[in-house]
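Nothing in this text is a laboratory measurement; each read-out follows from the coordinates by a stated rule. Here the structure is a predicted model, which means the values were calculated and not measured. Positions of Cβ are generated from backbone atoms using ideal geometry, with glycine treated the same way; all protein chains shown enter the neighbour counts.
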Amino acid sequence: MRVASFTLPLASAIATVAARSIGAGCQALKQPLGDAVFSRGTTVYNYESSNFWSNTEILSPGCVFRPQSASQLAEGLEALVGANAEFAVRGGGHMGIRGSNNINGGVLVVMSNLTTMELKEDKSILSVGPAYRWADVYAFLGKSNLTAAGGRLGPVGVPGLLLAGGVNFYGNQVGFAADTVINYEVVLGDGSIVEANKTSNSDLFWALKGGSSNFGLVTRFDLQTIRSSKVWAGTWTVAAEYIDRFLAATAEFASDIYDPKTHVVPALVPGDSTLASVILFYDSETENYPEILKPFTDIPAISNTMGFKTVAEFAAETGEMVVDGINDVFVAGTVKGTTYKELHQGISIINTTFFNQLPKLYKQIPSANISTIQLDWQPIGADWMKASEQAGGNALGLNSSKVYLCYAEVVEWIGSAYDGIVADWIEETTYAINNATLKAGLYDKFNYMGDSAGFQSIFPGYGEKNHQKLISIAQKYDPHGVFQTLMPGGFKVY
Ligand SMILES: Cc1cc2nc3c(=O)[nH]c(=O)nc-3n(C[C@H](O)[C@H](O)[C@H](O)COP(=O)(O)OP(=O)(O)OC[C@H]3O[C@@H](n4cnc5c(N)ncnc54)[C@H](O)[C@@H]3O)c2cc1C
Ligand SMILES: *[C@@H]1O[C@H](CO)[C@@H](O)[C@H](O)[C@H]1NC(C)=O
Ligand SMILES: *[C@@H]1O[C@H](CO)[C@@H](O)[C@H](O)[C@H]1NC(C)=O
Ligand SMILES: *[C@@H]1O[C@H](CO)[C@@H](O)[C@H](O)[C@H]1NC(C)=O
Ligand SMILES: *[C@@H]1O[C@H](CO)[C@@H](O)[C@H](O)[C@H]1NC(C)=O
Ligand SMILES: *[C@@H]1O[C@H](CO)[C@@H](O)[C@H](O)[C@H]1NC(C)=O
Ligand SMILES: *[C@@H]1O[C@H](CO)[C@@H](O)[C@H](O)[C@H]1NC(C)=O
Ligand SMILES: *[C@@H]1O[C@H](CO)[C@@H](O)[C@H](O)[C@H]1NC(C)=O
């Protein structure tokens, strides 16, 4: 009874606020910023409201707000806050979680026209706007024999990746992609525009490296460039009979990442016959088949695409693996260890639990409606974390005394009719994996945001201290909680 009498008025109050605020946002924007606001039925609305990677992200916003500049975005944000109106923000549109970057009825803010793309004079710093995908960045920098630490697949968006951390080809040399950002231009909840860097708003600078959309809207990232003409890279795919050897190679690499020029993404792809495929990257324009990658390259390949190529070419190649218009879920988890034995055991538990669960999924969804299933691992070792520390640190809270082996489960399917089945299956599977790794003493509560599902929590996995710090920085820069309440999408610190 107590519960009922408490929740009823609250629920109806929320319903009233929501009902009032939905149309209000589009109205409030139209007065000062009509040229940047697009109603249902317009060409721009149709384009922007469908410009998302997966079907899972498609909703029906009341209108689209496409600011032409940071100051226009700031003006719009003030109008939205004044009207107490809900909104969502989309950068590259690759966070495949319903409601994370889109909204029903409210205002969809899109970054498409914040298109800064400039090299500073000495070419060491790139200023880039949130309109871009990594393919655009690599193509632009490639003209000067430069590249940057960013997405490994070209279509992924710049802003979301940098705000999550950013697992990248150069991680063992530079840390997370976010660690290469030296300055952010940010629109705060009160409509002011600030810079955040080591000397100015340094707490906000730290929080943006992993803290996502909890503090403000980033309108420009200034990031360090990396000299690169060509790299040795490709995918190496082996047959089912080599899976155990492939997983052993993954553990061997993870337990001793002695050559920081490397990056690997080992994955299992179940199907009629399971394939094991690894993205291999080596930062050299002359040396191929380096010693450290031999555990993989000594396994006979069914096919491989290894060769010297630019990062732009490689990200376009990996980008071809990205299928648009499917429904999707990504789930993240982590095991932690130091020795080969520990890491191999962690990999094996994840592998075995996942494959044991698969028949349950196949029983409920016809194979024609399963687009892709994948299980992959991302080792993050001492060099990576030390590079992060040297750059000034980030919010992710990893400790270089252990190797983090982050895993991701991916299911992509055709037909929203299967959404509920996949959601139940993947939650059950994830809990089964994590309970098993917990029992083995290998579990870590870090979930990499870029690979996480909506049901997972992120910030507790950064450690209690960092989580509290993020909460107080959000309160300092956004005392009215604009990014917690009016912008409901994405991962929130509280
Ligand atoms: C095919 C694929 C490949 C991937 N590869 C990698 C990889 O190699 N490395 C890696 O680390 N991750 C990778 N990811 C994960 C990826 O980093 C995240 O999905 C990330 O959120 C994508 O950024 P986006 O701009 O496209 O996202 P969006 O969906 O546009 O945004 C993500 C979140 O950030 C918010 N946001 C967007 N722009 C801003 C802004 N300017 N200011 C404040 N908040 C903002 C949004 O509201 C949303 O909550 C991959 C994902 C996919 C689907
Ligand atoms: C805004 O972005 C859209 C989509 O990318 C593009 O077609 C349009 O030309 C841009 N407009 C301006 C003024 O930059
Ligand atoms: C880029 O590097 C290649 C190979 O090292 C060199 O031939 C080319 O001249 C360089 N181009 C620029 C613009 O520096
Ligand atoms: C840091 O921010 C201040 C403004 O607050 C700016 O003057 C300075 O140039 C910024 N530093 C960097 C490295 O961008
Ligand atoms: C991984 O799972 C597959 C399929 O169940 C199994 O054949 C293989 O032996 C497992 N390998 C390890 C190392 O767990
Ligand atoms: C990292 O872990 C080590 C060993 O457990 C511990 O001594 C150290 O304090 C930790 N560092 C941080 C920054 O938490
Ligand atoms: C299954 O996929 C096919 C296309 O492969 C599609 O036409 C069909 O609608 C899907 N089934 C459901 C129930 O959505
Ligand atoms: C273990 O499983 C239970 C339910 O099955 C779940 O609630 C819990 O979160 C799981 N533990 C971990 C660490 O995932």
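With pairing defined as another cysteine C-beta under 4.7 Å, the cysteines of the chain that fail it are C406. A simple spin-label model places the labels of K143 and A368 4.7 nm from each other, with each point 7 Å out along Cα-to-Cβ.
Each principal axis of the Cα cloud of segment 347-393 was evaluated for its coordinate range; sorted largest first, these ranges are 50, 22, 11 Å. State log₁₀ I(q)/I(0) for segment 117-228 at q = 0.15 Å⁻¹ as given by the Debye formula over alpha-carbon point scatterers of equal weight, solvent excluded. Normalising to I(0) and taking log10 leaves -0.57. For all pairs of alpha-carbon atoms in segment 240-353, what percent lies in each bin of width 5 Å, listed from the first bin to the last filled one? So the P(r) values, bin by bin, are 2, 9, 18, 21, 21, 17, 9, 3, 0. Among E291, E86, the order by Cβ neighbours within 10 angstrom, fewest to most, reads E291, E86. Please report the net charge: other residues with Cβ closer than 13 Å to the Cβ of G150, K and R +1, D and E -1. In short, 0. By the rule of a C-alpha distance below 18 Å, with chain neighbours fewer than 8 residues away ignored, the lysines paired with K209 are K198, K386, K465, K469, K476, K492.
In terms of surrounding Cβ atoms within a 10 Å radius of their Cβ, R220, R245, R66 rank from fewest to most as R245, R220, R66. Volume per residue for segment 98-172 equals 105 cubic angstrom (convex hull of Cα atoms). For segment 194-239, the C-alpha radius of gyration divided by 2.2 N^0.38 Å, with N the number of residues, is 1.84. When all alpha-carbon pairs of segment 231-462 are counted, what percent fall beyond 28 Å? That fraction is 31 percent. Using a simple spin-label model with pseudo-atoms 7 Å out from Cα toward Cβ, Q31 and A239 lie 7.1 nm apart. Its residue count N fixes a reference of 2.2 N^0.38 Å for segment 149-305, and the Cα radius of gyration divided by that reference is 1.26. If you wrap the tightest convex hull around every Cα atom of segment 357-436 and split its volume per residue, you get 127 Å³. Computed from the Cα positions only, the extents of segment 24-110 along the three principal axes stand at 33, 24, 22 Å, in decreasing order.
Computing Rg and the Kirkwood Rh from the Cα coordinates of segment 446-494 gives a ratio, Rg/Rh, of 0.97. Across segment 126-134, computed HN-Hα scalar couplings (Karplus, 6.51 cos²θ - 1.76 cosθ + 1.60, θ = phi - 60°) run 10, 9, 9, x, x, 6, 8, 9, 5 Hz from first to last residue, x flagging Gly and Pro.
The distance between label points at M117 and T42 comes to 2.4 nm (points 7 Å beyond Cα on the Cα→Cβ vector). Using every Cα-Cα pair within segment 355-494, state what percent have a distance larger than 19 Å. Result: 62 percent of Cα pairs exceed 19 Å. Each pair of Cα atoms in segment 395-437 enters the Kirkwood radius, and Stokes-Einstein at 20 °C and 1.002 mPa s then converts it into a translational diffusion coefficient of 165 µm²/s. Packing, as the average of other Cβ atoms within 10 Å across residues, places the peptides 364-375, 474-485 in the order 474-485, 364-375, highest first.
Kirkwood hydrodynamic radius of the chain, from the reciprocal of the average inverse Cα-Cα distance over all distinct pairs: 23.3 Å.
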